[in-house]
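First the structure, in the form of structure tokens, and then the observations on it.
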Amino acid sequence: MNSASHSHSPAAPPLTILTGASRGLGLGVAQVLLAKGHRLLTLQRKPNPSLVGTDASQLVQWSVDLTDPVPVAACLQAWLAACSPGSFSALNLIHNAALLVEPGPLSDADPAAISAATRASLEAPLVLTAAFLKASEGFDGPRKVLSISSGLGRNAMAGSVVYCAVKAGMDHYSRALALEEAQKPRGAQIVSLAPGIIDTDMQVQLRGADRGKFPEGARFASFKSEGRLDSPQVAGAKIVAYLERADFGSRVIADVRDPA
Ligand SMILES: NC(=O)c1ccc[n+]([C@@H]2O[C@H](COP(=O)([O-])OP(=O)(O)OC[C@H]3O[C@@H](n4cnc5c(N)ncnc54)[C@H](OP(=O)(O)O)[C@@H]3O)[C@@H](O)[C@H]2O)c1
């Protein structure tokens, strides 16, 4: 797809590459995208067998570990290069996968866990985005890079230093990348999106954390007890609705609750 200018086909389905589709928010997003007819490539450690497409060509699930993202990016670039651009109306990359360090003070954290969380949650989006943009630069249809950020990338919280850092990094690389892409004739649209609060394993980990090390766990417990969490399906529909907004990319740092 990357050598010369390639015509997209407006009548064809969009191709969406989604990380972390095995459970949680990513699974909800994947289900909505499949129902809307997207071709989908998903990347996670353990693909979810309950996720199925209408036929074998609609859904491809890779089993990959994003704590080692460079070989994954090479595979992605080669896979995209082998795709026929006329098969798609649009190309999307959604960075959803993230890995938490055990909530608590950074001074108590396992260095290997800090490194793994940073690589899966920030390094992987950067190297996968580079591969995606390179492999698709000749594509003449719309291209979007949507990173799932968090309110904690914008507001600091004790006991979540690594998570705050990777989400702030996601927001700021998106700002810088949007400037670069705006200089290109057919640059990609870039958004870093806070998804709301969702009833997933990540919330279980936060509210179940040792309160002695992570007093904020009480706040996460109240989100659940007060019924404030979206289901992954409801949150997934909100993410896909944002992806489809006509003004996608006009606001780089965004929130699903932003008015259109
Ligand atoms: N839940 C919330 O309230 C909330 C709020 C704000 C933002 N977010 C953001 O929303 C996104 C999804 O969160 P979630 O709550 O759905 O999380 P989750 O339930 O913990 O799911 C995380 C997903 O990431 C994948 N993943 C984790 N480590 C990976 C690795 N090393 N390699 C490949 N894939 C990996 C997991 O798949 P495997 O285990 O199969 O690898 C899984 O599909 C994250 O970016 C999170 O920061 C969530």
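The values are calculated or read from the model by the stated rules, or taken from the named source; none is laboratory data. In this text, all values refer to a predicted model and were calculated from it rather than measured experimentally. Quick reminder, even Gly has a Cβ in these numbers, built from the backbone with ideal geometry, and neighbours come from all protein chains shown.
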### Query
Does SER136 satisfy the criteria of being away from the ligand (no atom under 12 Å from the Cβ), among the hydroxyl-bearing types (Ser, Thr, Tyr) and out of contact with any Asp or Glu (no Cβ under 6 Å at 6 or more places or on another chain)?
yes
### Message
Given the criterion among the aliphatic types (A, V, I, L, M), more than 8 Å from the ligand (Cβ to nearest atom) and not in a loop (DSSP other than H, G, I, E, B), identify the matching residue among VAL52, VAL60.
### Response
VAL60
### Message
Looking only at residues that are of a type in the set (Lys, Arg) and in a loop (DSSP other than H, G, I, E, B) in segment 230-260, which one is farthest from GLN31 (Cα to Cα)?
### Response
ARG251
### Query
SER149 fails exactly one of the following numbered conditions: (1) touching a Lys or Arg at 6+ places or on another chain (Cβ under 6 Å); (2) among the small types (Gly, Ala, Ser); (3) away from the ligand (no atom under 11 Å from the Cβ). What is the number of that condition?
(3)
## Note on the structure
Within segment 87-112, of all residues that are within 14 Å of the ligand (Cβ to nearest atom) and free of Cβ contacts under 8 Å to residues at least 40 places away in the same chain, the one nearest to VAL161 (Cα to Cα) is LEU99
### Query
Do we find that GLY141 is within 13 Å of the ligand (Cβ to nearest atom), outside any strand (DSSP E or B) and surrounded by 15 or more Cβ atoms within 10 Å (Cβ to Cβ) in this structure?
no
### Task
Filter segment 155-183 down to residues that are among the polar types (S, T, N, Q) and farther than 18 Å from ARG119 by Cβ and give me whichever is surrounded by the most Cβ atoms within 10 Å (Cβ to Cβ).
SER174
### Message
Going residue by residue through segment 71-85, is there one that turns out to be surrounded by fewer than 20 Cβ atoms within 10 Å (Cβ to Cβ), modelled with pLDDT under 95 and not aliphatic (A, V, I, L, M)?
### Response
yes
#### Entry: Meets criteria (within 11 Å of the ligand (Cβ to nearest atom), farther than 15 Å from SER250 by Cα and buried (at least 20 other Cβ atoms within 10 Å of the Cβ)) for ALA194
yes
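Residue by residue, here is whether (1) near the ligand (Cβ under 9 Å from one of its atoms); (2) surrounded by fewer than 17 Cβ atoms within 10 Å (Cβ to Cβ); (3) assigned to a loop (DSSP other than H, G, I, E, B) holds:
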| site | (1), (2), (3) |
| --- | --- |
| SER9 | no, yes, yes |
| LEU27 | yes, no, no |
| LEU34 | no, no, no |
| LEU40 | no, no, no |
| LYS46 | yes, yes, yes |
